[in-house]
Amino acid sequence: MDADRVAETLVSTTIKGAVGFVTMQNPQQRNALSQAMMLALADALRQFEKTEQVRAIIITAEGTVFCAGHDLKELDAHRRDNDKGQAFFIETMRLCTGLMLQIVRHPKPIIAEIGGIATAAGCQLVASCDLAIASNKAQFATPGVNIGLFCSTPMVALSRNVSRKHAMEMLLLGDMIDAATAKEFGLVNKIVPHDELRATTNAFAQRLAEKPALTITRGKSAFYEQCDMSLTQAYEFTGAIMVENMLAADAKEGISAFIEKRKPAWE
């Protein structure tokens, strides 16, 4: 299967009025951010950047998991590479950083529509979007610490959206939080009954689409520039830390234990 067919399998795009929908559709793999998934998402966002009709974008997902973060099985499989996976880990973090920055720098407002679980880099994806609407069934976590791989890159987006104490609580404990707690922390804008999620998110997007496009583009860009001028540097730094962490024994053991559904034996 060629790259375009793979992308179409992982991510679909539709347009309804002035709203573009980017749907992750790999529920069997919990919509994990494999390299292929990240490339497909990036392509879809580029497509809508060039589509004049689209004035606002919604990122959503099929299944009960919005996004489970990086594909741990894909990462772990590359430990058998000659460099123990280092080059693959570096490329994965580069793609992830690029995707998150693409969302932030996208000229059109992007809304995350979360109907289920968002963990690790999936939580990072939610935090990177301009707005986030969650179902009352949604749950969130940055649980890397539990498998020996601290959520360093998710930390960048998370710490720029919620208070420092709440960010540290999520990062250090790795516990799952419900939608109400996520709203209290500032991770999501609104919680709605599950069967009202699509209508609510679409209504938000339609309202954004009605605003003057150039004003929205300039305003969004200015917001992020004044908010934190060192975002790129932070992602480069934490990406390198993430790669170093992936090469550590505890991450190898923690991920293996997670995949094998057993308790990890820490060194």
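The values are calculated or read from the model by the stated rules, or taken from the named source; none is laboratory data. Here the structure is a predicted model, which is why all the values come from computation and not from measurement. A quick note on method: Cβ atoms are made from the backbone with ideal geometry, for glycine too, and the neighbour counts reach across all protein chains shown. Calculation scope for accessible area: heavy atoms of the full protein, side chains included, ligands and nucleic acids excluded. Shrake-Rupley method; radii C 1.70, N 1.55, O 1.52, S 1.80 Å.
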Legend entry - Scan of region 245-260 for residues that are modelled with pLDDT under 80 and either touching a Lys or Arg at 6+ places or on another chain (Cβ under 6 Å) or open to solvent by 50 Å² or more (accessible area, probe 1.4 Å) (or both), ordered by number: Asp250
Inset, instruction - Only residues in region 237-251 that are over 17 Å from Phe88 (Cβ atoms) count as the first member; pair them with residues that are open to solvent by less than 30 Å² (accessible area, probe 1.4 Å) and outside any loop (DSSP other than H, G, I, E, B), Cβ under 8 angstrom, at least 6 apart or cross-chain, and list the lot. - result: Thr238/Ser152; Thr238/Thr153; Thr238/Val156
Legend entry - Matching residues in region 93-139 - criterion: being open to solvent by 20 Å² or more (accessible area, probe 1.4 Å), polar (S, T, N, Q) and assigned to a strand (DSSP E or B): Gln139
Legend entry - Pick from region 7-34, criterion in a helix (DSSP H, G or I) and under 24 Å from Val54 (Cα atoms), ranking: modelled with the highest pLDDT: Leu10
